[in-house]
Amino acid sequence: MSTLEQQYLAVKARIHQACQSAGRSETAVKLLAVSKTKPATMVEEVYRLGQRSFGENYVQDGMDKITALSHLTDIEWHFIGPLQSNKSRQVAEHFHWVETVDRLKIARRLSEQRPAGMPALNVLLQVNISAEPQKSGVMPEDIAELAAGVASLPGLCLRGLMCIAEHTGDEERLAGQLRLMHELLHTLQITYPQADTLSMGMSGDLELAVACGSTQLRIGTDIFGARGAH
Ligand SMILES: *Cc1c(COP(=O)(O)O)cnc(C)c1O
């Protein structure tokens with residue numbers, strides 16, 4: 001068994017265990033394999049193990065892999081990095097999900113640039129749940145207004161919320177923020193029942209995220225190994 005296979009199976013086992021501990025069904029928690037900076041050959045190896053959803057942070061790095069792996073027609077590509085306006089077209093044309101929408105301007109561009117023949121682009125609103133000033137994301141009190149704008153755009157489908165948890169050793173503080181995300185999603189679902197996704201939890205806080213209601217874990221390091229400087 002290759003190291004990559006071992007690591008992938010270990011992550012799957014951790015998710016299984018976390019779901020059991022939290023009393024949640026495993027089918028309610030999806031795994032997004034974050035392949036940023038890793039080569040297409042590694043993505044293909046994990047695909048062969050049954051993984052179908054992959055996350056990319058950089059437009060060009062992601063496009064290279066989407067092109068190289070275009071023969072794997074059932075891969076679902078998620079864009080999870082900061083998105084600049086001048087690169088939105090490639091994302092609108094080639095990805096299935098964008099998880100980092102935090103302003104209406106970029107949402108409008110993505111909707112306009114989504115090709116007519118394709119299904120709507122699935123969108124998550126990135127929430128700055130820790131209210132750290134340097135972090136991107138919409139503030140919790142501004143979610144309703146942004147959601148209304150996004151939901152009115154024909155090229156997009158509002159699917160839920162995403163956050164990048166605060167880097168803190170204070171587990172109670174972190175848990176408080178993750179639980180608040182869960183409440184925010186519930187509130188959103190009252191108006192937008194199609195918003196079924198709560199994207200939170202990375203290699204370091206997978207178990208806590210599952211306990212707090214995550215429906216999508218974004219795991220890079222623990223599957224693909226540490227990343228070099230990009
Ligand atoms: C890199 C990244 C991840 C994966 O983080 P790991 O700690 O490597 O599992 C998840 N989400 C986002 C937005 C990222 O940029």
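Mind listing just one residue for me: the one in the stretch 145-194 that is among the aliphatic types (A, V, I, L, M), free of Cβ contacts under 8 Å to residues at least 40 places away in the same chain and outside any helix (DSSP H, G or I) and, of those, farthest from residue 126 (Cα to Cα)?
Here the residue is 158.
Just wondering, is there one or more residues in the stretch 182-194 that are within 14 Å of the chain's Cα centre (by Cα) and either more than 9 Å from the ligand (Cβ to nearest atom) or under 16 Å from residue 57 (Cβ atoms) (or both)?
No, the conditions are met nowhere in the stretch 182-194.
When you go through (1) of a type outside the set (Phe, Trp, Tyr); (2) closer than 30 Å to residue 221 by Cα; (3) surrounded by fewer than 19 Cβ atoms within 10 Å (Cβ to Cβ) one by one for residue 99, which number turns out not to apply?
Here residue 99 clears every test but (3).
Might you check whether a residue that is closer than 24 Å to residue 135 by Cβ and of a type in the set (D, E, K, R) occurs anywhere in the stretch 60-80?
Checking the stretch 60-80: at least one residue is closer than 24 Å to residue 135 by Cβ and of a type in the set (D, E, K, R).
Which members of the stretch 86-109 meet the condition of being of a type outside the set (Asp, Glu), closer than 19 Å to residue 61 by Cα and not in a strand (DSSP E or B)?
Listed by number, the residues that qualify are 86, 87, 88, 89, 90, 91, 92, 94, 95, 96.
Is there any pair linking a residue in the stretch 24-50 that is closer than 16 Å to residue 61 by Cβ to one that is within 16 Å of the ligand (Cβ to nearest atom) and assigned to a loop (DSSP other than H, G, I, E, B), with Cβ under 6 Å and at least six apart or on different chains, and which?
33/51; 34/220; 36/57; 37/227; 37/230; 43/35
Could you tell me which residue of the stretch 154-176 is farthest from residue 97 (Cα to Cα), considering only residues that are buried (at least 20 other Cβ atoms within 10 Å of the Cβ) and over 17 Å from the mean Cα position of the chain (by Cα)?
Ranking the candidates gives 174 first.
Condition first: assigned to a helix (DSSP H, G or I), within 13 Å of the ligand (Cβ to nearest atom) and surrounded by fewer than 20 Cβ atoms within 10 Å (Cβ to Cβ). Now tell me which residues in the stretch 208-230 satisfy that.
Passing the criteria: 221, 222.
Looking at residue 134, is it within 16 Å of the ligand (Cβ to nearest atom) and free of Cβ contacts under 8 Å to residues at least 24 places away in the same chain?
yes
Per-residue answers, yes or no, for (1) surrounded by fewer than 14 Cβ atoms within 10 Å (Cβ to Cβ); (2) polar (S, T, N, Q); (3) at pLDDT 95 or above:
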{"residue": "1", "(1), (2), (3)": "yes, no, no"}
{"residue": "9", "(1), (2), (3)": "yes, no, yes"}
{"residue": "29", "(1), (2), (3)": "no, no, yes"}
{"residue": "40", "(1), (2), (3)": "no, no, yes"}
{"residue": "43", "(1), (2), (3)": "no, no, yes"}
{"residue": "55", "(1), (2), (3)": "no, no, yes"}
{"residue": "61", "(1), (2), (3)": "no, no, yes"}
{"residue": "65", "(1), (2), (3)": "no, no, yes"}
{"residue": "68", "(1), (2), (3)": "no, no, yes"}
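The values are calculated or read from the model by the stated rules, or taken from the named source; none is laboratory data. The structure displayed is predicted, hence computed values, not measured ones. When we count neighbours, we look across all protein chains shown, and the Cβ atoms used for this are built from the backbone with ideal geometry, even at glycine.
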